[in-house]
Amino acid sequence: QVQLQQSGAELAKPGSSVKISCKASGYTFTSYYISWIKQTTGQGLEYIGYINTGSGGTNYNEKFKGKATLTVDKSSSTAFMQLSSLTPDDSAVYYCARGIAAAYWGQGTLVTVSS
Amino acid sequence: DVVLTQTPPTLSATIGQSVSISCRSSQSLLHSNGNTYLNWLLQRPGQPPQLLIYLVSRLESGVPNRFSGSGSGTDFTLKISGVEAEDLGVYYCVQSTHAPYTFGAGTKLELK
């Protein structure tokens, strides 16, 4: 069955970076894009962007350009999202999802930014 | 950015009742390729969202057929024909016609 397994919760200091992973299984990894979504209580769900898992090409929401960097390792069927120059506003649950339609979601990774 | 306005924000229902959720877009979601990229998601408490409906009205595999979607252009509706206990949670519409893709604020379905 299709599964997206995300890395565990992160506690980070302001100004630092974190890298979240999303390991896919149960399907051909390069057949679907991977999308990344941010969820907070205040802002709800926000679409960060997606990566073409075959070519590595990316498409970002302008709001997250410079904040998020999406990469992929085809050999391990894993997608990554690095978040840089963290501020408390980056505290959220981050999800990866399969495809732009997001038919399957990872379990979410909680990122907490605090000094 | 496209704004999706969901109503009502909260919906109270009894088991077996039929309910509808509206999603209105600030601009047409008809893509130049003829598709309308409007999906519906359900997020149960403590769970990630799951896809229910894609392309306005197509039922995702494994989703019960008491869920149905309709609409066009800027007005869309999700209907649940006979609410069951497992349907409780927050429903979101999401559009991927126009970048950046955007979500509605959600409709919380709770038991009356």
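Each value in this text was obtained by applying a stated rule to the coordinates, not by laboratory testing. Everything numeric in this text was worked out from a predicted model, so none of it was measured. Cβ placement follows ideal geometry from the backbone for every residue including glycine, while neighbour counts extend to all protein chains displayed.
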For chain A, compute the number of Lys pairs whose alpha carbons are separated by less than 21 Å, excluding pairs fewer than 8 positions apart on the same chain. 13
From the convex hull of the Cα coordinates of the protein assembly as shown, what is the mean projected area in square nanometres? 12.3 nm²
What is the dipole size for the protein assembly as shown, taken about its Cα centre, with +1 at each Lys and Arg Cβ and -1 at each Asp and Glu Cβ, in debye to the nearest 20? 180 debye
Along each of its three principal axes, how wide is the spread of alpha-carbon positions in chain A, in whole angstrom units, largest first? 40, 26, 25
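Only counting other Cβ atoms within 10 Å, I'd like B:R44, B:R24 sorted with the fewest neighbours first.
Numbers: B:R44 13, B:R24 17.
Going from least to most buried by this count: B:R44, B:R24.
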Residue-ordered couplings for the range A:72-89, obtained by feeding phi - 60° into the Karplus form 6.51 cos²θ - 1.76 cosθ + 1.60 and rounding to whole Hz (Gly and Pro as x), are 8, 10, 5, 5, 10, 6, 10, 9, 10, 10, 9, 10, 10, 6, 5, 10, x, 5
I'd like the mean, over residues of B:101-110, of how many other protein chain beta carbons sit within 10 Å of each residue's own Cβ. 3
Mind jotting down a quarter of the surface of the convex hull over the alpha carbons of the range B:22-112, in square nanometres, one decimal? 6.2 nm²
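Sort A:Y95, B:Y54 so that the residue with the fewest other Cβ atoms within 10 Å of its own Cβ comes first and the one with the most comes last.
Starting with the residue having the fewest Cβ neighbours, the order is B:Y54, A:Y95.
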